[in-house]
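The structure appears right after this line, and notes come after that.
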Amino acid sequence: MKYDFDRLTERRGTGSLKWDVAENELPMWVADMDFEAAPEIREFLRTRVDHGIFGYSVVPEEWYEAYRGWWGRRHGLEMERDWLIFCMGVVPAISSAVRKLTSVGENVLIQTPVYNIFFNSIRNNGRNVLESPLVYEKGVYSIDFQDLERKLADPQTTLMLLCNPHNPVGKIWDRETLGRIGELCARHHVIVLSDEIHCDLTDPGCEYVPFASVSQVCRDNSVTCMAPTKTFNLAGLQTAAVMVPHPVLRHKMYRGLNTDEVAEPNAFAVGAAVAAFTQGEEWLEEVREYLAENKRCVRRFVEQKLPMLRVVPSQATYLLWLDCSAVAEDAGDLAAFIRRETGLYLTEGEEYGACGKSFIRMNPACPRERLMDGLERLEKGVELYRKKTQ
């Protein structure tokens, strides 16, 4: 490989949320990678720092062209320049959408288990969380369309937050499924906000489908959140985009983002995104291969050493969803025990909805040496837990 993903870069003492843990702990929870960003992006940042002046920034044409070129080239989505709005992050954009596109007391539908911050964006703004749980059978997740339509048909339901690909279960929704969701939402006057931040982190050979590309119905009734931050490990730079093809919806989102003051770039946000999308493709292809092998390592390890656990099949994201139901009814108790006894810090599944209670989310996006350390801690923790509870 051209890029070194085995390097154990020290992250303690850098203000890292992920690594703000005790000295003996190994964090494999929050979704950022322990890999250095692509050299091409770091070179832009160095040049920008060397310039020495960090005043107010604009969004230049290069930014629009970088997004349009990337999604057109890699995902077959031809977007117009005016569909794009800069924002400081996908989460601020989701919260702005909830505030601008719904009213207090209305329902926002989510498909659980799902990204835990969806709950915050809904509840913190006085809206109701309406869950349509995914169906989990024989280790595979699917949609209960009967339940979904019944809840979309409630006149109090006005927005659906779609996770595409789906975090934490790693599911890529196919074109037929997305089209069916789009038709149901349009029929029942429910706007779709599609969070596609993980879209480039698919396994080699797998491709995601942009929701807005499926049909005219999907395109005209949707807001899509996209960013280079998960893909290129740039979350701390606060850079993202909202794509809204329909002019009325776009005006509402533009007003919402500007009212909330989350549409102004910092001195590094725009240029880093441009560098990522115009120069980072080779780095991304290599990191996807490395991540896929890490996921295979976890599956092999669990099959050989921890057969009582099940790794849910994943096509996308670098996250893994572990079914711990054969070991613990409450995986939150198991995760807390593992952290206390071994220092391995994982995320309890109930954070992603009540239907995640018997699951744990693991982030294996790290150098392989660190991953193996984490897996050995996992084995030790599960064995100790079983002895304690038997």
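Of all the numbered requirements in (1) assigned to a loop (DSSP other than H, G, I, E, B); (2) open to solvent by less than 20 Å² (accessible area, probe 1.4 Å); (3) not hydrophobic (A, V, I, L, M, F, W, C), Tyr115 misses one, and that requirement is (2).
Only one of the numbered conditions (1) of a type outside the set (Phe, Trp, Tyr); (2) on the phi < 0 side of the Ramachandran plot; (3) open to solvent by 10 Å² or more (accessible area, probe 1.4 Å) is violated by Gly105, and that is (2). Just checking, which of Gly55, Gly69 is among the small types (Gly, Ala, Ser), over 30 Å from Pro367 (Cα atoms) and either part of a helix (DSSP H, G or I) or open to solvent by less than 20 Å² (accessible area, probe 1.4 Å) (or both)? Every option except Gly69 fails the conditions.
Could you tell me whether any residue of region 227-244 is crowded, with 21+ Cβ neighbours inside 10 Å and of a type in the set (D, E, K, R)? Taking every residue of region 227-244 in turn, at least one turns out to be crowded, with 21+ Cβ neighbours inside 10 Å and of a type in the set (D, E, K, R).
Only residues that are outside any loop (DSSP other than H, G, I, E, B) and open to solvent by 20 Å² or more (accessible area, probe 1.4 Å) were counted across region 154-185, and they come to 7. Whether any residue in region 127-148 is more than 25 Å from Pro313 (Cα to Cα) and in contact with a Cys (Cβ under 6 Å, 6 or more places away or on another chain) is what I want to check. Checking region 127-148: not a single residue is more than 25 Å from Pro313 (Cα to Cα) and in contact with a Cys (Cβ under 6 Å, 6 or more places away or on another chain). Of the set (1) in contact with a strand residue (DSSP E or B) (Cβ under 9 Å, 6 or more places away or on another chain); (2) open to solvent by 40 Å² or more (accessible area, probe 1.4 Å); (3) among the basic types (Lys, Arg), all apply to Arg42 but (1).
Say we look at region 122-143 and pick out the residues that are in contact (Cβ under 8 Å) with a residue 12 or more places away in the chain, aliphatic (A, V, I, L, M) and touching a strand residue (DSSP E or B) at 6+ places or on another chain (Cβ under 8 Å); which of these is surrounded by the most Cβ atoms within 10 Å (Cβ to Cβ)? This residue is Ile122.
Is it fair to say Ala336 is outside any helix (DSSP H, G or I) and more than 26 Å from Cys206 (Cα to Cα)? Criteria not met by Ala336. Of the set (1) assigned to a helix (DSSP H, G or I); (2) in contact with a Phe, Trp or Tyr (Cβ under 8 Å, 6 or more places away or on another chain), all apply to Arg299 but (2).
Look at (1) over 21 Å from Arg74 (Cβ atoms); (2) open to solvent by 70 Å² or more (accessible area, probe 1.4 Å); (3) assigned to a helix (DSSP H, G or I) and you find that Thr278 fails only one, number (1).
The values are calculated or read from the model by the stated rules, or taken from the named source; none is laboratory data. This is a predicted model, so every value here is computed, not measured. Positions of Cβ are backbone-derived with ideal geometry, glycine not excepted, and every protein chain shown enters the neighbour counts. Protein only, heavy atoms only, side chains kept; ligands, DNA and RNA dropped before computing areas. Shrake-Rupley method; radii C 1.70, N 1.55, O 1.52, S 1.80 Å.
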